Amino acid sequence: MLRVEKIRAEVTKEVETVVDFAFFYLTNDAFATLLPVIEVKYFGSMTVLDLRGNSIDDNGVLDLCDSFLSAHVNKLRVLKLAET
């Protein structure tokens, strides 16, 4: 019985999906162009979004937050914004 429980735990474990755009040196305009692609391709599954080292200001982050709210993102656990 213990073996079955262990297998069940492995199967149901959430897979971590990391979307890494760190140090791409994205500006607000470039990020605004990329954001719809990120929404369609990754919002349903990503657990980590790494945007460190880009030139995204408060307005870009607010656009990202609006996108999260409208898409009902609920799997994201880590958002990295250092050096933006």
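The values are calculated or read from the model by the stated rules, or taken from the named source; none is laboratory data. Everything numeric in this text was worked out from a predicted model, so none of it was measured. We place every Cβ from the backbone using ideal geometry, glycine too, and count neighbours over all the protein chains shown.
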Candidate set: region 68-84, residues that are in a loop (DSSP other than H, G, I, E, B) and of a type in the set (D, E, K, R); chosen: the one farthest from Thr17 (Cα to Cα): Glu83
Condition check for Phe43: closer than 15 Å to Cys65 by Cα and at pLDDT below 95: yes
Within region 53-67, considering residues that are touching a residue at least 12 places away in the same chain (Cβ under 8 Å) and surrounded by fewer than 16 Cβ atoms within 10 Å (Cβ to Cβ), the one farthest from Phe24 (Cα to Cα): Ser67
Residue in region 14-35 that is of a type outside the set (Gly, Ala, Ser), exposed (fewer than 11 other Cβ atoms within 10 Å of the Cβ), outside any loop (DSSP other than H, G, I, E, B) and at pLDDT below 95 present: no
Number of positions in region 51-67 that are more than 14 Å from Leu34 (Cα to Cα) and in a helix (DSSP H, G or I): 5
